[in-house]
Ligand SMILES: NC(=O)c1ccc[n+]([C@@H]2O[C@H](COP(=O)([O-])OP(=O)(O)OC[C@H]3O[C@@H](n4cnc5c(N)ncnc54)[C@H](O)[C@@H]3O)[C@@H](O)[C@H]2O)c1
């Protein structure tokens, strides 16, 4: 059972996938952990919060849409109230969509940017305000991607949204350094989650619908990943554990590849 270490974290989009693994890992590290997701994921979200409590640390489950400023501000206030403070914000929630750029509608673009860019900006702002008020610094961590370093065909507007997260990370690191707040982002590769199921299906459909479930993902892994296996959410969570810890105190403004060797910086 984890020994509480007096620090508190909030992970958005944590009902499943990478966010869930990050939340559980931070609880193993001894942090109190609040988890967030959409109303439609409430059952899964509550189950994650129960798994966190079972590790012997405090937990809270807060439903909010990260693209809505009022809901984000309310979420951070609730978390600071329930856990006593906020030391680590992981702006993990994100969406993907497979579409050729010529077919991306204004509505597709707005939805992508609302969650992946506005959502991350709002979560970072609300967390930074809380941390500045507390006066003891903090760690702000965003979800970027290998697609924040290289645009991928059929994921054009997704890639654009992740490049934006990288830009925000660099700027926020400079603005908030004086408050002892570091800002970094993790850049996963091909992680076996519901998001890649969607990408696998989307690319398969555009290629004529003959590929079996998982076939496209496996092709990407075989052709792109040096370590030769698909990434697990835990592979991401162990790196975010480092970003949330004191060990990363001298790192800020970085968007770091944790991808099994797809991209090389
Ligand atoms: N899976 C990958 O290969 C991969 C690679 C690189 C980066 N990422 C990024 O990592 C993050 C997590 O991805 P994942 O694979 O776990 O995805 P996922 O789809 O499995 O989980 C994302 C979670 O975010 C939630 N969410 C979506 N919109 C939300 C909103 N407006 N407000 C609150 N919650 C919302 C979803 O309900 C879901 O539970 C995303 O930002 C994604 O872009 C994923």
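The values are calculated or read from the model by the stated rules, or taken from the named source; none is laboratory data. Given the structure is predicted, the values throughout are model-derived calculations rather than measurements. When we count neighbours, we look across all protein chains shown, and the Cβ atoms used for this are built from the backbone with ideal geometry, even at glycine.
Hey, among 154, 102, 168, which residue is under 19 Å from residue 67 (Cβ atoms) and surrounded by fewer than 24 Cβ atoms within 10 Å (Cβ to Cβ)?
168
If you go through region 67-89 one residue at a time, do you hit one that is within 30 Å of residue 201 (Cα to Cα), within 13 Å of the ligand (Cβ to nearest atom) and touching a strand residue (DSSP E or B) at 6+ places or on another chain (Cβ under 9 Å)?
Within region 67-89, none of the residues are within 30 Å of residue 201 (Cα to Cα), within 13 Å of the ligand (Cβ to nearest atom) and touching a strand residue (DSSP E or B) at 6+ places or on another chain (Cβ under 9 Å).
Out of region 50-60, which residues are crowded, with 21+ Cβ neighbours inside 10 Å and either more than 18 Å from residue 88 (Cα to Cα) or within 16 Å of the ligand (Cβ to nearest atom) (or both)?
Matches in region 50-60: 52 only.
Is one or more of the residues making up region 26-46 part of a loop (DSSP other than H, G, I, E, B), within 8 Å of the ligand (Cβ to nearest atom), modelled with pLDDT of 95 or more and more than 19 Å from residue 236 (Cα to Cα)?
Yes; the residues of region 26-46 include at least one that is part of a loop (DSSP other than H, G, I, E, B), within 8 Å of the ligand (Cβ to nearest atom), modelled with pLDDT of 95 or more and more than 19 Å from residue 236 (Cα to Cα).
Considering region 15-25 alone, what residues qualify as being within 12 Å of residue 89 (Cα to Cα) and near the ligand (Cβ under 8 Å from one of its atoms)?
Answer for region 15-25, where residues must be within 12 Å of residue 89 (Cα to Cα) and near the ligand (Cβ under 8 Å from one of its atoms): just 19.
(1) surrounded by fewer than 19 Cβ atoms within 10 Å (Cβ to Cβ); (2) more than 20 Å from residue 28 (Cβ to Cβ); (3) under 16 Å from the mean Cα position of the chain (by Cα): which one isn't true of residue 255, the others all being true?
Among (1) surrounded by fewer than 19 Cβ atoms within 10 Å (Cβ to Cβ); (2) more than 20 Å from residue 28 (Cβ to Cβ); (3) under 16 Å from the mean Cα position of the chain (by Cα), the lone unmet condition for residue 255 is (1).
If you go through region 126-147, how many residues are within 14 Å of residue 112 (Cβ to Cβ) and either part of a helix (DSSP H, G or I) or more than 17 Å from the chain's Cα centre (by Cα) (or both)?
Going through region 126-147 one residue at a time, the tally reaches 1.
All but one of (1) away from the ligand (no atom under 13 Å from the Cβ); (2) without any contact (Cβ under 8 Å) to a residue 40 or more places away in the chain; (3) not in a helix (DSSP H, G or I) hold for residue 152; which doesn't?
Every condition holds for residue 152 apart from (1).
Scan region 96-107 for residues that are within 16 Å of the ligand (Cβ to nearest atom) and touching a residue at least 40 places away in the same chain (Cβ under 8 Å) and report the count.
Looking only at that region, the number is 4.
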